[in-house]
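Reviewing the structure listed below.
The values are calculated or read from the model by the stated rules, or taken from the named source; none is laboratory data. Only a predicted model underlies this, so the values are computations on that prediction, with no experimental measurement involved. Please note: Cβ atoms are built from the backbone with ideal geometry, for glycine as well, and neighbour counts cover all protein chains shown.
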Amino acid sequence: MSGLRLSKVPATDTALKLLAVAVLMFSFVFVVMVPLYNVLCDALGINGKTSGQAYTSVPVSVDTSRKVTVQFVAINNDGMPWTFAPDDRVMRVHPGAATGTMFHAVNPTNANMVAQAIPSISPSRAAAFFHKTECFCFDQQALASNATVDMPLQFIVDQELPGDIHTITLSYTLFDITDSVQDGLAAL
């Protein structure tokens with residue numbers, strides 16, 4: 001073993017190098033990956049984000065020359081025990097027409113809970129043309145043990161929706177936010 005020499009690197013040098021690598025990795029995730037994710041979603045037409053605010057301007061005319069298919073999807077996040085579903089899975093609507101439907105939720109547990117619905121629209125290009133005038137997703141939903149709630153959705157598909165978009169999918173994911181919102185439970 002005469003030709004092999006081991007050199008000792010001070011612990012502080014190793015710690016500084018590891019810290020630098022961790023900072024670079026963290027920066028890469030937020031500086032590069034988040035914008036890349038958004039670009040990919042836009043390019044592939046997935047994960048259309050809605051504004052989360054009520055649409056206040058109502059169009060005066062309805063485009064009766066065409067219909068758009070609107071699909072509704074209800075999903076529970078992991079660990080959310082509620083039953084959650086739309087009345088209508090599919091609707092055919094005229095752009096410009098005010099349209100409504102209902103979603104239903106049931107809290108089958110023995111505990112009061114609070115939920116929040118997060119919407120997503122596909123294709124993402126359609127999000128700018130799908131206007132919610134009333135939506136249960138605007139508010140947190142507090143629901144007592146073994147209770148049921150009807151949750152309204154009112155919307156307008158804008159007449160300016162590009163002609164190549166024939167189907168819009170509105171998906172809601174329901175999250176249990178009970179642990180982070182104690183005020184909603186006090187109201188039950």
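Residue count for region 146-166 satisfying the condition of being assigned to a strand (DSSP E or B) and either of a type outside the set (A, V, I, L, M, F, W, C) or without any contact (Cβ under 8 Å) to a residue 40 or more places away in the chain (or both): 4.
Okay, residues lined up against (1) over 24 Å from G163 (Cα atoms); (2) surrounded by fewer than 13 Cβ atoms within 10 Å (Cβ to Cβ); (3) modelled with pLDDT of 85 or more:
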residue: L40; (1), (2), (3): no, yes, no
residue: P59; (1), (2), (3): no, no, no
residue: D63; (1), (2), (3): no, no, yes
residue: F72; (1), (2), (3): no, no, yes
residue: M80; (1), (2), (3): yes, no, yes
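For region 127-145, taking the residues that are touching a residue at least 40 places away in the same chain (Cβ under 8 Å) and part of a helix (DSSP H, G or I), the one that is surrounded by the fewest Cβ atoms within 10 Å (Cβ to Cβ) is identified as F138.
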